[in-house]
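Engineer: Shown below is the structure under consideration.
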């Protein structure tokens, strides 16, 4: 009985460690802007229907000021400068009003916190769930063109 319990706990701990390792591998640590924006920014791929739709959804419902910045309109002065063009276009980015830059899955959870009741989304930034958050984010990002086409066909509107 005790051995089963110890074995089960060991399996859980190994699983948690594996998810944290995945979060570290898949995610990117927060960076800092050289200048702080006047309001929070959500930087997104304006060539992606899913990304554009999600960004507009958050912007319309945000309880704090949020500026949408498409990749094509990103100012090149002090924001996201530490990223290469490839890294910049690989994922969404959220820049807080104090200049902290979040990337990938964490950028989505940071933006979602601005929604009414969005504080619950902060759970996805906790150690156990960060790995799952990044896996889901990467899967969606990988399939975003397909998801955009599907959404477009469902709504009858080109996005």
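Engineer: Checking residue 65 against (1) over 16 Å from the mean Cα position of the chain (by Cα); (2) under 17 Å from residue 106 (Cβ atoms); (3) modelled with pLDDT of 85 or more, only one condition comes out false. Which one?
Structural biologist: Of the numbered conditions (1) over 16 Å from the mean Cα position of the chain (by Cα); (2) under 17 Å from residue 106 (Cβ atoms); (3) modelled with pLDDT of 85 or more, the odd one out for residue 65 is (2).
Engineer: Restricting to region 139-154, name every residue that is surrounded by fewer than 15 Cβ atoms within 10 Å (Cβ to Cβ) and under 16 Å from residue 89 (Cβ atoms).
Structural biologist: Selection gives 142, 145.
Engineer: I'm checking my understanding of the structure. Among residues of region 4-57 that are under 16 Å from residue 106 (Cα atoms), in contact with a strand residue (DSSP E or B) (Cβ under 7 Å, 6 or more places away or on another chain) and modelled with pLDDT of 90 or more, which one is surrounded by the most Cβ atoms within 10 Å (Cβ to Cβ)?
Structural biologist: 44
Engineer: Can you tell me which of 124, 151 is over 21 Å from residue 53 (Cα atoms), outside any loop (DSSP other than H, G, I, E, B) and touching a helix residue (DSSP H, G or I) at 6+ places or on another chain (Cβ under 8 Å)? Give the derivation first.
Structural biologist: Numbers: 151 fails: over 21 Å from residue 53 (Cα atoms).
On inspection, the qualifying residue turns out to be 124.
Engineer: Here is a list: 75, 116. Which entry is surrounded by fewer than 19 Cβ atoms within 10 Å (Cβ to Cβ) and either in a strand (DSSP E or B) or at pLDDT 90 or above (or both)? Before you say what the answer is, go through the steps one by one.
Structural biologist: Details: 75 fails: either in a strand (DSSP E or B) or at pLDDT 90 or above (or both).
Answer to the check: 116.
Engineer: From the list 60, 126, 89, which residue is surrounded by fewer than 16 Cβ atoms within 10 Å (Cβ to Cβ) and over 16 Å from the mean Cα position of the chain (by Cα)? It would help to see each step written out before you state the result.
Structural biologist: Working: 126 fails: over 16 Å from the mean Cα position of the chain (by Cα); 89 fails: over 16 Å from the mean Cα position of the chain (by Cα).
Step by step, each of 60, 126, 89 is checked, and only 60 is surrounded by fewer than 16 Cβ atoms within 10 Å (Cβ to Cβ) and over 16 Å from the mean Cα position of the chain (by Cα).
The values are calculated or read from the model by the stated rules, or taken from the named source; none is laboratory data. Predicted, not measured: the structure shown is a model, and the values here were computed from it. For neighbour counting, all protein chains shown are included, and Cβ atoms are generated from backbone atoms with ideal geometry for every residue, glycine included.
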